[in-house]
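The values are calculated or read from the model by the stated rules, or taken from the named source; none is laboratory data. Predicted model, so just to flag it, every value in this text is computed and none were measured. Positions of Cβ are generated from backbone atoms using ideal geometry, with glycine treated the same way; all protein chains shown enter the neighbour counts. Just the protein is used for accessible areas: all its heavy atoms, side chains included, with ligands, DNA and RNA removed. Shrake-Rupley method; radii C 1.70, N 1.55, O 1.52, S 1.80 Å.
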Amino acid sequence: MRRALVYFFLACLPLAAGPAADLARAIHDNTLDRDACYRVRDLTLFKEDIRVYLTDGYLIFSKPVAGRPIAAVFTTDVEGGDGEVILRPPSLAERRSLASYTGSPNLDTHFQAAIFFFTGDIYQALMAQIPNNPANRKAPEVGALMDEQWAQSLRNIGVNYEPRLVLDLMNASSRKPDFFSGIFRSAKAGDFDVLYDPENPDQIAAGQFVERENRAYFDVWTHFPARSSRERANYIPLRLDLSDFRIQATVEADLSLNAVTLVKAKTNSGGIRVVPFDIAREMAVTEVKVNGMPAEVLQREVSPATTGRGENALFLVMPQSPLKAGVEYEFEFHHSGKAILRAGERIFYVTARGNWYPALGPQFATYDLTFRYPRDLELVTPGDVIEDRTEGEWRITRRRPTSPIRLAGFNLGDYAHAQVTRSGYVVDVCANRTVDPALQPRPVVSAPPPSPAVGGRRGRGNPAPDMITATPVVLDPLARLQRLASGIAATLEFMASKFGPPALPHLTVSPIPGNFGQGYPGLIYLSTRSYLNLTEARLARPEELFFDELLQAHETAHQWWGGQVTSASYHDDWLMEALANYSALLYVEKSKGAHDMETLLEGYRGDLLAKRDNGEPVDSAGPIVLGTRLESSLEPRAWRAITYGKGSWILQMLRQRMGDERFFSLLAEIIKRYGRSEISTEQFRSLAAEFLPPRSEDPKLEAFFDQWVYSSGIPTLKLTYSFKGKAPALKLVGTLTQSDVVEDFSVLTPVEIQLARGRTITEWVRSSSEPVTFTVNLAQPPLKVTLDPHYAVLRR
């Protein structure tokens, strides 16, 4: 069985001696116990919603670790042998997600082999059943064969589970250990994982590793709260609240980063012996102290294969004494690594932008940041300048944000600046002085135009024409610097007028190689492409709009959406991206006009309707609340198209139903009510419903969210109409027909009736699987009748 992945945790290898390291080493070196092998029939393994039936086969346990077996292997290598795993997701969205991968809304799969890892009562539960069936017996002779066959697989797969198992086993005296994971081999489904983790809000997960076009994916088939959590939610996951970061970092001449991070931390549970943190894979934590006393640290070893990827890796810290609930402790971390790459002549790429220091997920906290770096470069980071000086060949800069922020990024380069102040907010845009090599045009080699005399056809014996090498356009990375600064300042001013003050009053914008951007509190990473003269770059209109307006406006909007308020879980992450993107569209509408905004909305519609391999549109990959799970082997484009595109359309549709005044009031109220805290999709729905016009159909927006947020589907709508009677007792009789969606799909759609003297009547009609007829009384014939002229409905 190939190496599997734990969905939420990465592997660790001990870097130091100590109880946690000894336990991790014991897990790593664990083998199967040949004397604990059994011929079994009709054993059941139940863990919340997970049902595993060991119908007929051999079961062998691992040797004990910390006084208990932590793993087992089951095979069906007997005549008529069988095993079965059953999992039934509780919600329609999760059943649809599972069906998209397995062809069935419920997982009910027979398997030939399985490896189990666990920290709870699995061993005791299985052993208690063995005496109940006389067919069950010990089989040590098979145990030797199974050990030889499966020991290496156990070790290879187990390396992924080390930190999670260590966390449970070391904290067993204060928190009930109950982790379970099964890796199954099925002739029908291949190898797949089923997981129960009580420390996660959605405890149950199932998924599979898949490779597509030389890229590896972990497809999450389904992920949902366990039965006990749905019924009473009595288990509170371990939480670590972090505050008051003080970081001193040095960027060496070779671009390596060495740092010391001090942070205050509290746990919500007493008697905790080991606590988890995460940090970029490029960074190695070499030393930890808790309240000044040395602590043990376990972290995955850094290797060249894992650097430059900007991903998080879990590591564990074991203080000398267990932590008490609610008591504040100071953690001191020493960490270093290659988090900065050279992308060109004095152009740099920071790979670990928000995770270069230890944390545990983004949390609002205060920061005090001091950087020491080569004096011929410049380092930017959020906050007011407290100190900026030089010492020999080094420059030392200290900054302190005026308000708590969730992430503290930094960037490095040889910069030119343009600074603009608007309404009390300062925007400082930095630009590389040289062009990103990836954007520098190459010489174009082409043939000369054909001679009119021969019509471009060469006769026999005619020599081939000389090739012409065209001189490439010289791109200037500073060409748009001042314009960029003015545009971002205007964007910040516009958004502040609508949403309230941004995360910080000083916003620094800095270049990053690539075609993307990221907006952190007080600091934006902006694609180097956005700095170029886009006319010379010869971009198509939608792409030009993206790099000229949308990208910087989107990242600016993250000063509110992500910087001021954040999402409650990955199911709600779409809100931050959709709100940021739609805020950018609002600015495009203001600065460029409604046509350019509609051009972008049309582009999103096209992305959503693009055909997948199965012939279905990209939108069918799943509902927007699946979050990053949408980026799967089935459709790698889905996450971006649905999160940004459909998310923007959802907000556009809400705006059209509310009207501008109510919609902008909603956006401001989100910041007011949820500032420096989290908002869920359901909280957003409830808040949005407060801003609907009086007597609105679907007053709680439940039908709207069921249709557009928790489901997928884009309808085709067709309007036909005729007139009955004569003015002034004229009747418009219309019929709205819907197709290309499931039978229960229904959407409110506006029909605009234009009358003389600029008068307009808007009739909202709810579609159905059957044609819907409506009537409007008119005193005079209309000038025009139009279905949804102002982009109020996402439709084909």
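Results, tabulated for the structure shown:
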| item | result |
| --- | --- |
| Potential lengthening between residue 254 and residue 612 on full extension [0.36 nm per residue; Cα-Cα distance subtracted] | 124.4 nm |
| Expected-Rg normalisation [2.2 N^0.38 Å, Cα atoms] applied to the range 162-304 | 1.32 |
| Residues residue 784 and residue 99, FRET efficiency given R0 of 30 Å [Cβ-Cβ distance, rounded to 0.05] | 0.10 |
| Burial ranking of peptide ranges 506-514, 287-295 (average Cβ count within 10 Å, highest at the top) | 506-514, 287-295 |
| Alpha-carbon Rg/Rh ratio, for the range 78-178, with Rh computed the Kirkwood way | 1.02 |
| In nm, spacing of pseudo-spin labels at residue 515 and residue 346 (7 Å Cα→C-beta vector) | 2.9 nm |
| For the range 236-300, Kirkwood radius (reciprocal of mean inverse C-alpha pair distance, Å) | 13.9 Å |
| Value of [θ]222 nm, deg cm²/dmol, for the chain, DSSP H segments ≥ 4, -39500 (n - 2.57) each, nearest 500 | -6500 deg cm²/dmol |
| For the range 558-643, diffusion coefficient by Stokes-Einstein and Kirkwood Rh (Cα), 25 °C, 0.890 mPa s, µm²/s | 177 µm²/s |
| Taking N as its residue count, the alpha carbon Rg of the range 350-405 over 2.2 N^0.38 Å | 1.24 |
| Pairs of alpha carbons in the range 127-240 whose separation is greater than 23 Å (percent) | 51 percent |
| Degrees separating the helix 660-674 axis from the principal Cα axis of the chain, which is the longest one | 30 degrees |
| Exposure rank, largest accessible area first [491, 775, 250; 1.4 Å] | 775, 250, 491 |
| The chain: C-alpha pair distances exceeding 42 Å, % | 42 percent |
| Helix 594-609 axis, angle to the chain major axis (alpha carbon atoms, nearest 10°) | 40 degrees |
| Packing rank of 655-664, 328-337, where each peptide gets the mean count of other beta carbons within 10 Å, highest leading | 328-337, 655-664 |
| Over the chain, relative contact order from alpha-carbon pairs under 8 Å, at least 6 apart, % | 7 percent |
| Highest to lowest packing among 108-116, 723-731, scored as the average C-beta count within 10 Å | 108-116, 723-731 |
| Length released on extending from residue 384 to residue 686, taking residue separation times 0.36 nm less the Cα-Cα span | 105.0 nm |
| Relative contact order (%) - the range 199-279, alpha-carbon pairs under 8 angstrom, separation at least six | 22 percent |
| DSSP-defined beta bridges in the chain - what % are antiparallel, rounded to 5 | 90 percent |
| Overall dimensions of the range 697-796 as given by Cα atoms, namely Rg and Dmax in Å | 14.7, 45 |
| Mean accessible surface per residue for the chain, computed with a 1.4 Å probe while every protein chain stays in place, in Å² | 42 Å² |
| Inter-probe distance in nm under a simple model that places probes 7 Å from Cα toward Cβ, at residue 777 and residue 486 | 5.6 nm |
| Residue 423/residue 132 FRET efficiency (R0 56 Å; Cβ-Cβ; nearest 0.05) | 0.15 |
| Angle between the chain longest axis and helix 19-28 axis [Cα atoms, degrees, rounded to 10] | 90 degrees |
| D_trans [Stokes-Einstein, Kirkwood Rh over alpha-carbon pairs] for the range 241-357, 37 °C, 0.692 mPa s, µm² s⁻¹ | 219 µm²/s |
| Cβ-derived FRET efficiency at R0 30 Å, residue 82 paired with residue 35, nearest 0.05 | 0.75 |
